[in-house]
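Worksheet for the structure shown next.
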Amino acid sequence: IEIYSLQVDCKVTSRFAHTVITSKIVNRANESREATFEVELPKTAFITNFSMSIDGKVYPGIIKEKASAQKEYDTAVSHGQSAGLIKITGRKLEQFHVSVSTAAASKVTFELTYEELLKRQLGKFELLIKVRPKQLVKHFQIDVHIFEPQGIRFLETDSTFMTNELTEALTKVQNETKAHILFKPTVDQQKINPELDETLLNGDFVVRYDVKRGATAGNIQIVNGYFVHYFAPREMPVFPKNVVFVIDRSGSMAGRKIEQTREALLKILQDLRPEDQFSFITFNSKVAEWKSSLLQATAENTASAAAFVQTLSASGGTDINRALLTAVSVLDKAERLPERSVSMIILLTDGQPTSGESNVEVIQENIQKAVSGKYALFCLGFGFDVSYKFLEKMALSNGGIARRIYENADAALQLQGFYQEVATPILMKIEMQYPENAIEGLTKNNFKLFFEGSEIIVSGKISNELDLLPVEIKAQSHASYLILKEEANVKEKEQVFQNQSYIFGNFIERLWAYLTIQQLLEKSISAQEEEQKTLEAQALELSLQYSFVTPLTSMVVTKPAGQQQTELANKPTEAG
């Protein structure tokens, strides 16, 4: 079975990435063989299309509601379940895998399309393309086009498998608003060495970039009556933070995990700002406070904290409930907190609550009542023995986010990277306001906190014939109360994308749908049952309308007669 062509074609228009992977395979054997298509894509992406064409006959994947697809599948396949076509393969990726039996000398073309809105983290956007053909490919290419009307501030490519020979196969062309990256290695360039038919292409191909920003109320773009508004202020004073680190030191953390935790905490201590205040709570079945109150992050205090961190060891059970309640009370009884400061609790745990209160619903209720909107709670789940669903619901109900830390060699870096994302809050209580009677389907437009290096995105549909779209941003900065105003000329904005040949016309509408679905799903995690049903129904309707494989839909892949005929592609979630 030979892959004679593999192409990755990616168009990024104003952060919205549309990627098509096409693999062409021929069976050179004189009997039938399995042809396999296996690609890894970012977890944050939604698959929108898949087809295989076998000797010219096309078998498209059809996207349906999950439950009805499952029912149809169960009817078709009476003998046992086959594994789904998609599974999570790592911290950032999931794998789509399908194989089909092909007759001697026959050709198969697989084509997969997925879309995602690139999210700004630590000051840059990252487009990740996983490359793993497992064999030499005659026609191999990665073709990336980027168009950012705001202007490209910097652009870099990075790869885990580049050699000097392969660098010659990489070209980058860039002007003010556009970039084109082409990676097209010959068969010889792909080889590990000239004698062996083994490929070097195995790993990540990454494009990172950021856009230019004026000091205004963000940037508005409009296509076909849909708008997107990007807001990422910079060079603003940072709010002092009051941080309580809540660290699990139960038995399961012993060994590598507690070592990596110590390593990360030592780095984080160095990153605290002198105006920050902090404390540590460690817990197993008992809860221990390092100090009875918050301390200023002076050189002396961080040094004494570092000495304490070095002594962390792990044994015993897991009392998450009491540990978090203790953290809330540390913040509650803290005196002389700067009036304008951001208070947060960062929980790191690797297991289920086993000591004290172990009912997750009760814990969630207790914590939400105690926090009551005053502080942001971030939950980091270390490894796969945690109930991620529980941590995610708890974080989202309390103004924070959850993240899984993968048990890899780089776990300490993952922890540190997470801290860096939340280390510099520069705005709070951000309200993005638009004329009420003129906008439909507005995505989330109120945000508790804005961290340096990230970006706020709001999108919606302009419902009537507006000539000007006025926007107003209200927010609290460390120095003052901000009001920023801007007016977008609808006709002028529409013009920007008109003459760009490679843009799919309704990309802002699709961006809007993608963002709306993501937000509905996130909101449903912490919603009550009735509201949850409503949110999921809305998300399902959009997933079907715009043909996205989301956690609520399935793609039914049908194969030629005589093979196991239907298979399902379901989107996995971090919570499983």
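Please work out if S543 is farther than 23 Å from I456 by Cβ and either of a type in the set (A, V, I, L, M) or in contact with a Lys or Arg (Cβ under 6 Å, 6 or more places away or on another chain) (or both).
Working: farther than 23 Å from I456 by Cβ: yes; either of a type in the set (A, V, I, L, M) or in contact with a Lys or Arg (Cβ under 6 Å, 6 or more places away or on another chain) (or both): no.
For S543, the condition - farther than 23 Å from I456 by Cβ and either of a type in the set (A, V, I, L, M) or in contact with a Lys or Arg (Cβ under 6 Å, 6 or more places away or on another chain) (or both) - is not met.
Looking for whichever is at pLDDT 90 or above and either open to solvent by 20 Å² or more (accessible area, probe 1.4 Å) or farther than 15 Å from S68 by Cβ (or both) here; the options are K533, K559. Which one fits? Give the derivation first.
On the way: K559 fails: at pLDDT 90 or above.
Testing whether each residue is at pLDDT 90 or above and either open to solvent by 20 Å² or more (accessible area, probe 1.4 Å) or farther than 15 Å from S68 by Cβ (or both) leaves just K533.
Just give me the residues in the range 284-301 being open to solvent by less than 70 Å² (accessible area, probe 1.4 Å) and more than 24 Å from Q420 (Cα to Cα), in sequence order.
Of everything in the range 284-301, those that are open to solvent by less than 70 Å² (accessible area, probe 1.4 Å) and more than 24 Å from Q420 (Cα to Cα) turn out to be N284, S285, V287, A288.
Can you tell which of S543, S459 is assigned to a strand (DSSP E or B) and small (G, A, S)? Show your work before the answer.
Working: S543 fails: assigned to a strand (DSSP E or B).
Just one listed residue meets the conditions, S459.
Every residue, every condition in (1) part of a helix (DSSP H, G or I); (2) at pLDDT below 95, yes or no:
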residue: D210; (1), (2): no, no
residue: H229; (1), (2): no, no
residue: E235; (1), (2): no, yes
residue: F239; (1), (2): no, no
residue: N242; (1), (2): no, no
residue: Q270; (1), (2): yes, no
residue: R273; (1), (2): no, no
residue: I281; (1), (2): no, no
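Need the failing condition index for D74 against (1) part of a strand (DSSP E or B); (2) free of Cβ contacts under 8 Å to residues at least 12 places away in the same chain, just the number.
(1)
Any chance you could count how many residues in the range 372-421 are more than 18 Å from the chain's Cα centre (by Cα) and in a helix (DSSP H, G or I)?
Within the range 372-421, residues that are more than 18 Å from the chain's Cα centre (by Cα) and in a helix (DSSP H, G or I) number 4.
Restricting attention to the range 524-550, report how many residues are free of Cβ contacts under 8 Å to residues at least 40 places away in the same chain and closer than 29 Å to Q368 by Cα.
So in the range 524-550, the residues free of Cβ contacts under 8 Å to residues at least 40 places away in the same chain come out as 524, 527-539, 541-542, 545.
Restricting the remaining residues to those that are closer than 29 Å to Q368 by Cα gives 524, 527-539.
So the count comes out to 14.
Taking the options V12, V8, V26, V20, name whichever one is at pLDDT 90 or above, open to solvent by 20 Å² or more (accessible area, probe 1.4 Å) and β-branched (V, I, T).
Working: V12 fails: open to solvent by 20 Å² or more (accessible area, probe 1.4 Å); V8 fails: open to solvent by 20 Å² or more (accessible area, probe 1.4 Å); V26 fails: open to solvent by 20 Å² or more (accessible area, probe 1.4 Å).
Unique residue meeting the criteria: V20.
Which residue pairs have Cβ atoms closer than 8 Å, lie 6 or more positions apart in sequence or on different chains, and pair a first residue in the range 301-319 that is over 30 Å from V362 (Cα atoms) with a second residue that is assigned to a helix (DSSP H, G or I) and open to solvent by less than 20 Å² (accessible area, probe 1.4 Å)?
T302/L269; A305/L269; A306/L269; V309/L265; V309/L269
Name the residues in the range 1-57 that are in a loop (DSSP other than H, G, I, E, B) and among the aliphatic types (A, V, I, L, M), would you?
Step one: list which residues in the range 1-57 are in a loop (DSSP other than H, G, I, E, B), which gives 1, 14-15, 27-32, 43-45, 55-56.
Passing the criteria: I1, A29, A45.
Quick one: how many residues across the range 428-479 are open to solvent by 50 Å² or more (accessible area, probe 1.4 Å), closer than 21 Å to R340 by Cα and hydrophobic (A, V, I, L, M, F, W, C)?
Count: 1.
Please specify each residue of the range 206-235 satisfying the condition of being surrounded by fewer than 21 Cβ atoms within 10 Å (Cβ to Cβ) and on the phi > 0 side of the Ramachandran plot.
Once the filter is applied, which keeps residues that are surrounded by fewer than 21 Cβ atoms within 10 Å (Cβ to Cβ) and on the phi > 0 side of the Ramachandran plot, the range 206-235 yields N224, G225, E235.
Among (1) crowded, with 16+ Cβ neighbours inside 10 Å; (2) part of a helix (DSSP H, G or I); (3) in contact with a strand residue (DSSP E or B) (Cβ under 9 Å, 6 or more places away or on another chain), there is one condition S304 misses while meeting the rest; what is its number?
Failing condition for S304: (1).
Please pick out the residue among I181, I142, I129, I146 that is in contact with a Lys or Arg (Cβ under 6 Å, 6 or more places away or on another chain), buried (at least 19 other Cβ atoms within 10 Å of the Cβ) and of a type outside the set (S, T, Y).
Details: I142 fails: in contact with a Lys or Arg (Cβ under 6 Å, 6 or more places away or on another chain); I129 fails: in contact with a Lys or Arg (Cβ under 6 Å, 6 or more places away or on another chain); I146 fails: in contact with a Lys or Arg (Cβ under 6 Å, 6 or more places away or on another chain).
It is I181.
For E335, state whether it is at pLDDT below 95 and loosely packed, with under 14 Cβ neighbours inside 10 Å. Don't jump to the end; show me each part of the working.
Numbers: at pLDDT below 95: yes; loosely packed, with under 14 Cβ neighbours inside 10 Å: yes.
Yes: the conditions hold for E335.
What residue, of T349, T326, is open to solvent by less than 60 Å² (accessible area, probe 1.4 Å), at pLDDT 95 or above, under 27 Å from the mean Cα position of the chain (by Cα) and among the β-branched types (V, I, T)?
T349
Of the conditions (1) closer than 30 Å to P237 by Cα; (2) open to solvent by 50 Å² or more (accessible area, probe 1.4 Å); (3) touching a residue at least 24 places away in the same chain (Cβ under 8 Å), S252 fails just one. Which one is it?
(1)
Give A479, A527, A513 a once-over and let me know the one that is at pLDDT below 95 and closer than 30 Å to K389 by Cβ. Steps first, answer last, please.
Values: A479 fails: closer than 30 Å to K389 by Cβ; A513 fails: at pLDDT below 95.
Only one candidate passes the filter, namely A527.
What's the number of the condition Y419 fails, among (1) in contact (Cβ under 8 Å) with a residue 40 or more places away in the chain; (2) touching a strand residue (DSSP E or B) at 6+ places or on another chain (Cβ under 7 Å); (3) within 17 Å of L122 (Cα to Cα)?
(2)
With the condition kept exactly as written, say whether any residue in the range 159-173 is at pLDDT 95 or above, open to solvent by 90 Å² or more (accessible area, probe 1.4 Å), within 30 Å of Y4 (Cα to Cα) and of a type outside the set (D, E, K, R).
So far as the range 159-173 goes, yes, one or more of its residues are at pLDDT 95 or above, open to solvent by 90 Å² or more (accessible area, probe 1.4 Å), within 30 Å of Y4 (Cα to Cα) and of a type outside the set (D, E, K, R).
The values are calculated or read from the model by the stated rules, or taken from the named source; none is laboratory data. On a predicted model such as this, the values are computed, not experimentally measured, just so you know. Reconstructed Cβ throughout: ideal geometry from the backbone, glycine too, with neighbour counts over all protein chains shown. We work out accessible area using only protein heavy atoms, side chains counted, and drop any ligands, DNA or RNA first. Shrake-Rupley method; radii C 1.70, N 1.55, O 1.52, S 1.80 Å.
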